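A short worksheet on the structure shown next.
The values are calculated or read from the model by the stated rules, or taken from the named source; none is laboratory data. From a predicted model like this one, the values you see are computed outputs, not experimental measurements. Virtual Cβ from ideal backbone geometry, glycine too; neighbours counted across all protein chains shown.
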C-alpha cells in the first residue's frame with residue numbers, strides 16, 4: 001500500500017466517523033465513559049482472533065479497534081483537548097525516543113521531535129530522543145542485539161528520560177487481576193521478565209495447557225470457598241506491588 005492509499009483510507013474513515021457522530025442517534029449520545037467498555041471488548045476480541053490464528057478475524061477486529069481510536073480521538077477534539085493527528089504525532093515521537101538504536105540523534109527522523117509531551121517535560125525531557133541517545137544509563141550508548149536488550153532499554157528510557165519513577169506511572173487499576181499480577185511480578189523480578197514470552201519455549205502449547213488447568217482449579221477452589229478470584233488475586237498483587 002502506498003502512502004497516498006493509506007492517507008486516503010484513513011481520511012475516509014475519519015469522514016465517516018464524523019458523519020456518524022453528527023447523524024447517528026446512538027453515536028451522538030456517546031462519551032468516553034460509555035465508549036471505553038466497547039474498546040475493552042474489541043481488544044479482547046482481537047486477542048482471541050490472534051490466539052486462534054484467524055487472520056480474517058484479525059483484520060475485522062483490528063478495524064473495530066481502529067474505529068475506537070478514531071472515535072475517542074474525535075471526542076477529545078470536540079473538547080479541544082487533542083485530535084487524531086496530534087495523537088499520532090505524539091506516538092511517533094515516543095516511538096523514536098524509545099528506539100535510539102534505530103533512530104540515533106543525528107538521524108533525520110529523530111530530528112522531527114521538537115519537544116516531549118507535557119507530562120514528560122515535567123521530568124526535564126524537552127528533547128527525550130537526544131537524552132536517550134547521549135546520557136549514560138539511558139540505553140542509547142548500549143549495544144542492542146536482542147529483544148530483551150530492547151525491553152531493558154525501553155524501561156531505562158521510561159525511567160531516566162521520561163521520569164516515570166513513581167508508582168502511579170505503571171500501576172493500572174483498570175487492568176484485569178491476572179494481567180496486573182503479571183505486571184507486578186515483572187516489576188519485582190525484572191531480570192525474569194521475558195521480552196517475548198514463550199517465543200523460545202518448544203513446549204509452549206503443553207505448558208500453556210498445564211497452566212490453564214492450574215488456573216482453572218484455582219478458580220474452582222475460590223468458588224468452593226465463596227471467594228471472588230478476581231478480587232482475591234488483585235488484593236494479593238497489591239500486597240506485593242513495589243511502593244514509591
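Couple of notes before you dig in:
- Taking every residue in the range 1-13 that is at pLDDT 95 or above and pairing it with any residue that is exposed (fewer than 10 other Cβ atoms within 10 Å of the Cβ), at least 6 positions away or on another chain, the pairs with Cβ-Cβ distances below 9 Å are 9/1.
- If you check 70, 50 for being over 30 Å from residue 105 (Cβ atoms), modelled with pLDDT under 95 and within 19 Å of the chain's Cα centre (by Cα), only one passes: 50.
- Qualifying residue in the range 33-47 (condition: over 19 Å from the mean Cα position of the chain (by Cα) and more than 21 Å from residue 176 (Cβ to Cβ)): no
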